[in-house]
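Working notes, structure below.
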Amino acid sequence: MKCYLCHGRMKPFLFKNGYQIFLCPACGLKATDLREEYESFIRKFYIKGYYTGDPKYAAYASYHSDKWHIVRNMRKFLMHIQKYKKTGKLLDVGCAMGFMVELALKAGYDAYGFDPSVYAVTEGRRDTDGRIIRGTIQSVQYKPKSFDIITLFDVVEHLGDPARDLAKLMTLLKDDGILVMATGNTESMAARTLRRRWTFYIPPQHLFFFTRKNFTDLMVQSGLEPVEWFMIGKWLSLRYVLHLARSTGGSALARRFFRLVEKVGLGWLPLYLPMRDNMVVVAQKSR
Ligand SMILES: [Zn+2]
């Protein structure tokens, strides 16, 4: 497999969930070998089970029931955005059920979003006043240079061709607009010590795994320059953590504990995990 960023030859890094993740010794980028066409993959993968705890996805135990936790994390992103833009038109890319759009609307932004998942968009449409639509970065049509803020929270690692997608998003961003992205950091302590057990290494939904340098190179290739980096500690529900444990580790104990917690109705319990394994960047168009 050839490196997406530097075109060097990649070598096998780890095998998980039936997929091979490769590592580029030259630049450190890691990538999943998807072995199928990306567009058809996303159409069949991001369906109901992905959001509702089907153990074969290692994704969300219940995206809708975890709204409180997810929104709490999004509020941290929004606080950073407010330092740059107090109002304006916001586009949330990969918006799922539109929680970010809903939050941004309440904070006074003119917010919109889109997601490739028919299921997620249908579920979230009512709470977002019809402002979220089904689409991919390449398929959506908005007026050029019409957004002040574009956000991709835990989205870039799901993209099949992120440089091409970021270049498209740049055409939608105003010249003085900002783009805010969050993804996992493969150089973090958690990534290095947990290795294959690091929950961010989840093929096939995660296709790219970046170091901060890789992420910077990707942005530069797409005509962006980073202006601020930060990290957030995340609120997760007990149900989400146990769902990940049972679906990635396949541990019988985690499976039993998950069932017990759901039975007694304690899945919502919030856990604060300051893992320091993510990186969030605020970027602008390169001058
Ligand atoms: Zn490389």
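Readers should treat all values here as calculations from the given coordinates under stated rules, not as data from a laboratory. What you see is a predicted model, and the numbers here were worked out from it, not measured in a lab. Cβ sites come from the backbone with ideal geometry, for glycine too, and all protein chains shown count toward neighbours.
Annotations
- Part-to-part distance (alpha-carbon centres) for segment 28-99 and segment 106-151, which is given in Å: 13
- Contact order, relative form, for the chain: 19 percent (alpha carbon pairs under 8 Å, 6 or more residues apart, mean separation divided by residue count).
- Three semi-axes describe the equivalent ellipsoid of the chain; taken as square roots of 5 times the Cα gyration tensor eigenvalues and ordered largest first, they are 27, 25, 18 Å.
- Hits among lysines - C-alpha to C-alpha of residue 145 under 20 Å, sequence gap 8 or more where chains match: 85, 86, 89, 168, 174, 285
- Helix content alone sets the calculated 222 nm mean residue ellipticity of the chain: runs of n ≥ 4 DSSP H residues at -39500 (n - 2.57) each, divided across all residues, give -9000 deg cm²/dmol.
- Put simply, the amide H of residue 178, placed in the peptide plane, has neighbours under 5 Å in 149, 150, leaving out anything fewer than 5 places away on its chain.
- Straight Cα distances below 17 angstrom link residue 30 to the lysines 2, 11, 16, 213, with same-chain residues fewer than 8 positions distant left out.
- Take the Cβ atoms of residue 122 and residue 176, set R0 to 35 Å, and the FRET efficiency comes out at 0.50.
- Structure remark: mean-square fluctuation, Gaussian network model of the chain, C-alpha springs under 10 Å; the largest value among 181, 189, 219 belongs to 189.
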